[in-house]
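Participant: Below is a structure I'd like to ask you about.
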Amino acid sequence: MSDTTVNLAELIGSRICHDLISPIGAITNGLELLEIVGLVQGPEMELISGSVGSAGARIRFFRVAFGSASDQPLGRAEVSELLKDVERAGRVRVNWHLTEAVPRNQVKLAFLSLMCCESAMPFGGEVTIDHRGNEWTVTGSADKLNVDNDLWKNLPKGRFASKVTPAQVQFAVLPETAASMGRRVAAETTSTRVVIRF
C-alpha cells in the first residue's frame with residue numbers, strides 16, 4: 001500500500017464518517033424532543049436511544065482511526081469522553097493514561113492499535129494506552145484471548161499469509177499509517193496479553 005493509497009483510504013474514511021454523523025445527530029435530537037414532550041417512553045425508546053448513541057460513538061471513533069489526521073492536538077478530555085462512549089457500546093474497558101494533549105495522528109495509531117486488541121478479546125477485557133517519551137504502548141489483557149497468529153506475527157510488516165477481512169482491516173492500516181509517519185510497529189502476544197508498540 002503506497003502513501004497515496006493510505007491517503008485515499010483516509011479521505012474516504014473521513015468522508016463517510018462526516019456524512020453519517022450529521023443524520024445520527026439529527027436522530028438523537030429528534031429522540032430527545034420526543035422524550036421531552038412525552039410522546040414515546042419505555043423500553044423501546046431506551047433501545048433506540050442506546051443504539052443511536054452507540055452508532056454515534058463508533059462513527060466518531062472511526063473518524064479518528066480511519067480518517068485523515070494532522071498534527072492538531074487532541075486533549076485528554078475529548079479523547080476520554082470519546083472512549084467512554086465507545087466503552088458503553090462494547091465489552092472492553094479502556095484506560096487512557098495520558099494527561100496532556102497529543103497530536104491527532106498519534107491518537108489515530110493508538111485507536112487502530114486498540115481495535116487490534118479488541119479483536120483478540122471477544123469476551124471482553126481491558127486495554128491500557130500509555131505514552132512515554134516518543135513511544136506508545138497499547139496493552140490488551142483478558143482471561144481468555146482469541147489471537148489470530150498470522151495477524152499478530154505479521155503486524156509489524158503489514159503483509160499477511162491470509163487475506164485480511166473487513167473486520168481485520170485495522171491490522172493492515174496500522175503498519176502502513178505508522179510507516180507514513182516514520183514509525184515502526186512492534187507486537188507481542190501471550191496467553192492473556194497482547195501488546196502493540198509504535
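Participant: Out of T189, T165, T139, I need the residue that is polar (S, T, N, Q) and at pLDDT below 95. Which one? I'd like the intermediate steps shown before the answer.
Facilitator: Working: T189 fails: at pLDDT below 95; T139 fails: at pLDDT below 95.
After ruling out the rest, the residue left standing is T165.
Participant: Oh, and also: Would you say E87 is of a type in the set (D, E, K, R), more than 15 Å from A65 (Cα to Cα) and at pLDDT 95 or above?
Facilitator: no
Participant: Ok, one more. Let me confirm something: among A69, A77, A9, A55, which residue is among the small types (G, A, S) and in contact (Cβ under 8 Å) with a residue 60 or more places away in the chain? Lay out the reasoning, then the answer.
Facilitator: Working: A69 fails: in contact (Cβ under 8 Å) with a residue 60 or more places away in the chain; A77 fails: in contact (Cβ under 8 Å) with a residue 60 or more places away in the chain; A55 fails: in contact (Cβ under 8 Å) with a residue 60 or more places away in the chain.
Criteria check complete, one pass: A9.
Participant: Can I ask one more? Can you name the residue in the stretch 27-82 that is acidic (D, E) and farther than 23 Å from L174 by Cβ and, of all such residues, is modelled with the highest pLDDT?
Facilitator: Step one: filter the stretch 27-82 for residues acidic (D, E), giving 32, 35, 44, 46, 71, 78, 81.
Still in the list and also farther than 23 Å from L174 by Cβ: 32, 35, 44, 46, 81.
Numbers: E32: 81, E35: 78, E44: 75, E46: 79, E81: 87.
Applying the filter and picking the extreme gives E81.
Participant: Right, next: I need the full set of residues from the stretch 154-198 which are of a type in the set (G, A, S) and without any contact (Cβ under 8 Å) to a residue 24 or more places away in the chain, in order please. First the steps, then the outcome.
Facilitator: Narrowing the stretch 154-198 to residues of a type in the set (G, A, S): 158, 161-162, 167, 172, 178-180, 182, 186-187, 191.
Once the filter is applied, which keeps residues that are of a type in the set (G, A, S) and without any contact (Cβ under 8 Å) to a residue 24 or more places away in the chain, the stretch 154-198 yields A161, S162, A179, G182.
Participant: I'm trying to understand the selection: among the residues of the stretch 168-190, which are touching a strand residue (DSSP E or B) at 6+ places or on another chain (Cβ under 7 Å), surrounded by fewer than 19 Cβ atoms within 10 Å (Cβ to Cβ) and not small (G, A, S)?
Facilitator: The answer is E188, and nothing else.
Participant: Which residues, counting only those in the stretch 107-153, are among the polar types (S, T, N, Q), free of Cβ contacts under 8 Å to residues at least 40 places away in the same chain and within 20 Å of A69 (Cα to Cα)?
Facilitator: N134
Participant: Looking only at residues in the stretch 96-117 that are polar (S, T, N, Q) and touching a helix residue (DSSP H, G or I) at 6+ places or on another chain (Cβ under 9 Å), which one is surrounded by the most Cβ atoms within 10 Å (Cβ to Cβ)?
Facilitator: Just the residues of the stretch 96-117 that are polar (S, T, N, Q), to begin with: 99, 105-106, 113.
If we keep only those that are touching a helix residue (DSSP H, G or I) at 6+ places or on another chain (Cβ under 9 Å) as well, we get 99, 105, 113.
Details: T99: 8, N105: 20, S113: 29.
Looking at the filtered set, the residue picked out is S113.
Participant: Separate question: When the residues of the stretch 118-139 are narrowed to those that are in contact with a Phe, Trp or Tyr (Cβ under 9 Å, 6 or more places away or on another chain) and of a type in the set (A, V, I, L, M, F, W, C), which ends up surrounded by the most Cβ atoms within 10 Å (Cβ to Cβ)?
Facilitator: Residues of the stretch 118-139 in contact with a Phe, Trp or Tyr (Cβ under 9 Å, 6 or more places away or on another chain): 119-120, 128-130, 135-138.
From what's left, of a type in the set (A, V, I, L, M, F, W, C): 120, 129, 136, 138.
Details: A120: 19, I129: 22, W136: 22, V138: 25.
Only one residue fits best here, namely V138.
Participant: Name every residue in the stretch 118-161 that is of a type in the set (A, V, I, L, M) and touching a helix residue (DSSP H, G or I) at 6+ places or on another chain (Cβ under 8 Å), in order of residue number.
Facilitator: Going through the stretch 118-161, the residues of a type in the set (A, V, I, L, M) turn out to be 120-121, 127, 129, 138, 142, 145, 147, 151, 155, 161.
Residues satisfying the conditions are A120, V127, I129, V138, L151, L155, A161.
The values are calculated or read from the model by the stated rules, or taken from the named source; none is laboratory data. Nothing here was measured: the structure is a model prediction, and the numbers come from that model. As a convention, Cβ positions derive from the backbone with ideal geometry for all residues, glycine included, and neighbour counts pool all protein chains shown.
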